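Shown next, in C-alpha cells, is the structure this report addresses.
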Amino acid sequence: MTDYPKIKIKKGREGSARFRHPWVFSGAVVRVPKDLFDGDPVIVEDYEGRVLGTGTYSARSQISVRLFAFEEALLDADFFRARIREADSRRRLSGLGPDTSDTGYRVVFGESDLLPGLVVDRYGDVLVFQIATAGMEKLRPLVLKALEELFRPRLIVERSDLHTRSEEGLLPRTGIAGGSDKKGEDEGLAAFTQLGLKFLSPTLTGQKTGFFLDQRDLRAAIARLSAGRSALNLFSYSGAHGLFALAGGAKSVLNLDSSAPALEMCQEHARMNGFPAESMICEKADVFDWLTNPPQTRFEMVICDPPALIKSSKHMEAGLAAYRFLNRAAISLLAPGGILVTSSCSHHLTSADFAHILRQTSVHEARPLHTLGFIGQAEDHPVSLYFPEAAYLKSFVALAS
C-alpha cells in the first residue's frame, strides 16, 4: 500500500480507466485534495472508493492524471526498472536490439508502454530520453537510475526540449545526463544501424533525439521499390530515405533540406555505406520555395516527408493548405509510372483526411494514383489498443499514371 493522496472520479466517468485508458481528464474529477502539487503521485478511485489506478497529477493540464498502473502501485526504482525492462523485451521480440541489424530503436514510447511523459531512444551504446510532463519530471532520478542499471550505456543524453514542456510549467533541459563516458569530450554522436545500414545520430544537436526511427517500415518499402529509379527526397534531413533508395538500387537521389549540418550528415551516411558521392546529391534549399519554381526534370520516385505542419487545431487550415501544396507539387514532378512516397506526422491530421488530400491533389494534377501501400509508424512506436491517440504517423505509397 502507498500513502499517495486520492483523487475521486465522478460517478459514471470511470469507464475509460476501467478500459485501461491512461488519461483522466479534469472534467471527470470530483475534487482535488489540498496541498497537491504538479507531478505528485496519486491514487485514482471511482465514486465508490474502488481503486482505478496510480498516476501523477497535473493542475495545469486538461489531463489531470496520467496513469502508470491500473492498480495501486509504488512508483519507485523497482517499478521503473521493471517497466523499462518489459518495454525493451517487447522490442527484442520484434527483432530489435544490440545484436541485430537494428541497433537504433525506441525503447519507451510514453503511454503505450505505461510510462506517460517519457520517451527513450537507443542508438547503439547511447541512450537519449525526453521528459514531457511534470509527473515524469519529478520521477526523473528514477528514470536515470533504471537506464544506467539496465543498459550500462556509454552516454545518456537528455533532450527534454519539447515545446509542450512549457504547458506543464517546465523549462527545457538538454545535455549529457549519465553514462560511463559522461565526463569525456563527447559531442553526443551515436553510431547505430537500421535495417543493416549505418547511421550517425547527433543526439545533442539533431532534430528530435537525433534521428527519425519511426520510419523504418517506410524505408524498407522505399528500398523494395526504388531499383533503377531517379529519386527526389524532399525534407531529407540526414538522408535516411534517400540512402534506402540507393540501397534498393536507385540510380541517384537528390536530397533537399534547409539545414546545412543535416546535409553534411547525409553525405557522410552515403560515404559510410559505400555509395558514390555523385549518387547522393545534397542541395540546401527551402523546400516550399524550391517547389514554387521547380526544374523541368521529372523523377521516377518522389519522397515527401515534411515536419509536422499541424501542431495544434488552430494551425489546421494553414497545415491542410501546406499538405495540398506539397503533394500537388510532388505529383507534378513524377515521371509517368513514377512512385509517390508521402508522409504526415501531424497528430491532428487523420489518415482519412490525408487520403482526402491525396485524392484532391491527384485529380487536380490529372494523375491517378494506384495504391501500393499505406504504412504507419514502426513497431517500436506501438499504438496501444487502449491508447489509440499514440497513432500519429501515416505514409502513402502509390504508382502515378
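The values are calculated or read from the model by the stated rules, or taken from the named source; none is laboratory data. Not measured: the values here are computed from a predicted model. Cβ coordinates were reconstructed from backbone atoms using ideal geometry, including for glycine residues, and neighbour counts include every protein chain displayed.
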Item checked: Of all residues making up segment 236-268, the number that are crowded, with 20+ Cβ neighbours inside 10 Å and either on the phi > 0 side of the Ramachandran plot or of a type in the set (S, T, N, Q) (or both) -> 5
Notebook entry, point to check: Among the residues of segment 74-95, is any over 30 Å from residue 52 (Cβ atoms) and not in a helix (DSSP H, G or I)?
Noted result: yes
Check: Only one of (1) in contact (Cβ under 8 Å) with a residue 40 or more places away in the chain; (2) assigned to a strand (DSSP E or B) is not met by residue 389, so which one is it?
Finding: (2)
Next item on the list: For residue 368, indicate whether it is touching a Ser or Thr at 6+ places or on another chain (Cβ under 8 Å) and in contact (Cβ under 8 Å) with a residue 40 or more places away in the chain.
Entry: no
Check: Do you know which residues across segment 113-147 are under 16 Å from residue 79 (Cβ atoms), in contact with a helix residue (DSSP H, G or I) (Cβ under 8 Å, 6 or more places away or on another chain) and assigned to a helix (DSSP H, G or I)?
Finding: 113, 136, 142, 143, 145, 146, 147
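Results for (1) basic (Lys, Arg); (2) farther than 20 Å from residue 307 by Cβ; (3) not assigned by TED's automatic domain parsing to the domain that holds residue 331, shown as yes or no for each residue.
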position	(1), (2), (3)
153	no, yes, yes
159	yes, no, yes
232	no, no, no
239	no, no, no
262	no, no, no
Notebook entry, point to check: Do we find that residue 295 is over 18 Å from residue 367 (Cα atoms) and either of a type in the set (D, E, K, R) or at pLDDT below 95 (or both) in this structure?
Noted result: yes
Checklist line | Enumeration of residues in segment 275-319 that are assigned to a helix (DSSP H, G or I) and more than 24 Å from the chain's Cα centre (by Cα) | finding: 277, 278, 279, 289, 290, 291, 292
Next item on the list: Could you list, in sequence order, all residues of segment 358-386 that are crowded, with 18+ Cβ neighbours inside 10 Å, over 25 Å from the mean Cα position of the chain (by Cα) and in a strand (DSSP E or B)?
Entry: 369
